[in-house]
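As structure tokens, the structure follows; a few thoughts come after it.
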């Protein structure tokens, strides 16, 4: 192969003059294709850095439900490269969903796939818009999620599926409804007002009422004491108030002198006679 060197353009500017080692001259016409070839940008090959995660670690993360983009950011690889590693994992997850749809929840005579149709189809749900997803948990079981359209936009039902035992554990009310299980009622637990050693406290929202005072009348000095305590008030009115307060009979309360000096009523009467 003869090596040529560029001498320059000719005077008319339409050719490039070349020469070889022997002094022979050559002309090359400056065409559009030559200009395009000279002006074409040279592509630099993209070299990926060594991955931060092994293929096994990448597939384990995909199996546990992490997205392609998340695994790509962690591993330092492109999303396209992660998708290549994901193919066997996606096949495994699809196989788990297939096994779950064939299995029957506890207490049900139909497989899960038929239970879903039995619940959703009569309510006008388009079964083509129903989707399934699953990912593996640390204990070897799989988290199974059903998503379907509803009046709220999207609703979900989720189970824990054990492919070895072919058993289900409902994780929410949506799964219990699909299975035909009883959904526990959500009742507000009220505080027991008598739970604190039998002491009755006001219920929440109630305002405590002040205790009602009951008047105590003494006999026989009720009229005199009533006059002293309530000047200008008829003692009969006091008795009417006492009945209103729930007093049904009079009780005798010893005076202060009787308590301090032991004076009796009979002695007082005898002293008054003298």
Please find, among 12, 32, the residue that is at pLDDT 75 or above, exposed (fewer than 10 other Cβ atoms within 10 Å of the Cβ) and either out of contact with any helix residue (DSSP H, G or I) (no Cβ under 6 Å at 6 or more places or on another chain) or over 30 Å from residue 76 (Cα atoms) (or both). 12
Test result for residue 92, within 30 Å of the chain's Cα centre (by Cα) and surrounded by fewer than 13 Cβ atoms within 10 Å (Cβ to Cβ): no
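Tell me which residues, restricted to region 67-80, are surrounded by fewer than 16 Cβ atoms within 10 Å (Cβ to Cβ) and either within 26 Å of residue 160 (Cβ to Cβ) or over 28 Å from the mean Cα position of the chain (by Cα) (or both).
67, 70, 76, 78, 79, 80
Can you confirm whether region 99-106 contains a residue that is assigned to a helix (DSSP H, G or I), in contact with a strand residue (DSSP E or B) (Cβ under 6 Å, 6 or more places away or on another chain) and modelled with pLDDT of 95 or more?
yes
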Hey, can you tell me all the residues within region 160-189 that are within 13 Å of residue 116 (Cα to Cα) and touching a helix residue (DSSP H, G or I) at 6+ places or on another chain (Cβ under 8 Å)? 177, 178, 179, 180
Residue 83 versus (1) surrounded by fewer than 16 Cβ atoms within 10 Å (Cβ to Cβ); (2) touching a residue at least 12 places away in the same chain (Cβ under 8 Å); (3) within 27 Å of the chain's Cα centre (by Cα); (4) not assigned by TED's automatic domain parsing to the domain that holds residue 172: which is the lone unmet condition? (3)
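The values are calculated or read from the model by the stated rules, or taken from the named source; none is laboratory data. Because the structure is a prediction, the values reported are computed rather than measured. All Cβ positions, even for glycine, are placed from backbone atoms using ideal geometry, and neighbour counts span all protein chains on display.
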